[in-house]
Amino acid sequence: MSLSVKHLLGIKELQTQDIEQIFQTADNFKQVLQRQIKKVPALRDTTVVNLFFENSTRTRISFELAEKRLSADTVNFSASGSSVSKGETLIDTVNNILAMKVDMIVMRHSASGAPWFLAQHVDASIINAGDGTNEHPTQALLDAYSIREKLGDLKGKRVTIIGDIMHSRVALSNIFCLNKLGAEVTVSGPPTLIPKYIQDLGVKVEYDVKKALQNCDVANVLRIQLERQHKPLFSTLREYSLYYGINKDMLDSLQKEILIMHPGPINRGVELNSDVADSANSIILDQVENGVAIRMAVIYLLSGKTALGE
C-alpha cells in the first residue's frame, strides 16, 4: 500500500484514489484507536522529525500522537531556541537532522512553498503541516473524512467555508480536496477577506452568510487570522461577529440541520458562539479525533510499509 506521491506537499498533487486510500487506511486506524492498546508496531524502525518553524499546538500534538501510535521514533524540533535563530539556513538545519538518519519530516513553516523547496533538496519524505497561506493538506483530509463519516459519499454534498478565506491555508486545501471528491463548495465572508481569483478554483461566492448557511449541508467556519493581516480589513471584531458570526438563533432560523466544523483554535464569540461550538450540530471534536487517524494513515502510506501490524 502506497500513494502515488513521495511527499504530501499539498492536496493539489494528490489523485482522487490517493485520498480514498488515505480514508480507507484511516478507517483501519480508527479501529486501532478504539482498542485498549492503541498502538501498532508498523513504524518501529522509522524516525520522524516534527520540524516546526511556526507556533502550533493542535497540529503538532496530533502528528506526534499519530507517530507514537505507529511506534515510530519521534524528534520534535522548534525554531525558537535553535540554530535557526542564530542565522542557520533551512537547508543546513535539515541536512544536519538528516545526517542523524531520519526517514520522514513533518514540516510547518511561515513561508508559502517551503516544503516544496525542501523536497527538492532532501531524500526523506516531507509532510506539509502548513506553509504560509498556501496549503494545510492533512487538515483538509481530516475535514473531508469527518464529513464522509457523518454524511457518506461527498459527491453532491454542499459545503460552505466561512470566514478569512484570503489568509487561510485550510480554505485552499479544503477547496482542492472537496472538488476532487465531487462536493459543491461555496465560500462566504467579508468581500475584503475573499480573494478575487477564488471563483477560478470552481467555487461559488456568497457574501450573505445566512443565505450561504441556508444552501449548505456543512459549514466549515474559519478563524480570523489577525496575525497575517497587515492592514485593517474590517472595522472591529464586534462588527465581524454581528454580520458574519454564527449563533444558535441563526441556526434555528434555517429550519434544517447542518454540520458545523472548525479547524481550531476557535475565537469564541467572534466566528462562532459557544452555543454553536458546543451544540449537537458541531463535529469539531470529531475532527480532532479523526485528525490522529488521518495523520497515522498519511505517515504509514508514505513510509512504504507493507503491513499495518497488530
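Summary table
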quantity: Solvent-free Debye scattering, log10 I(q)/I(0), computed from the Cα coordinates of segment 137-288 at q = 0.09, 0.16, 0.17, 0.19 Å⁻¹; calculated: -0.24, -0.81, -0.93, -1.19
quantity: Cut-off 11 Å between beta-carbons: net charge of the residues surrounding Ala212, Lys and Arg +1, Asp and Glu -1; calculated: +2
quantity: Within straight-line cross-link reach of Lys150, aspartates and glutamates at Cα separation under 13 Å, skipping those fewer than 8 residues along the same chain; calculated: Asp217, Glu257, Asp286
quantity: Long-range amide H partners of Thr46 with built H, under 5 Å; calculated: Asp73
quantity: Dipole magnitude of segment 137-288, debye to nearest 20 (Cβ charges: Lys/Arg +1, Asp/Glu -1, about Cα centre); calculated: 360
quantity: Rounded to the nearest 20 debye, dipole of the chain from Cβ charges on Lys, Arg, Asp, Glu; calculated: 120
quantity: Three principal axis lengths of the chain [C-alpha, angstrom, descending]; calculated: 56, 44, 34
quantity: Estimated dipole of segment 89-148 in Debye, rounded to 20 [Cβ of Lys and Arg +1, of Asp and Glu -1, Cα centre]; calculated: 120
quantity: Dipole of the chain, positive direction: furthest Cα of Ile91, Ile162, Cys216, with charges on the beta-carbon; calculated: Ile91
quantity: Under 5 Å, built H, 5+ apart or other chain: amide partners of Ile161; calculated: Thr186, Val187, Ser188, Asn220
quantity: Residue-averaged 222 nm ellipticity for the chain, from DSSP H runs of 4+ at -39500 (n - 2.57), nearest 500; calculated: -11000 deg cm²/dmol
quantity: Reachable lysines, given that their alpha-carbon falls under 19 Å from the alpha-carbon of Lys157 and they are not under 8 places away in the same chain; calculated: Lys180, Lys204, Lys210, Lys211, Lys256
quantity: Around Gly113: net Lys/Arg minus Asp/Glu count, Cβ-Cβ under 15 Å; calculated: -1
quantity: Contact order relative to length of the chain, as percent, for alpha carbon pairs under 8 angstrom and 6 or more apart; calculated: 22
quantity: Length-normalised contact order of segment 137-288 in % [C-alpha pairs under 8 Å, at least 6 apart]; calculated: 24
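Rule-based calculations on the coordinates, nothing more; no lab input. Nothing here was measured: the structure is a model prediction, and the numbers come from that model. Neighbour counts run over all protein chains shown; Cβ positions are idealised from the backbone, glycine included.
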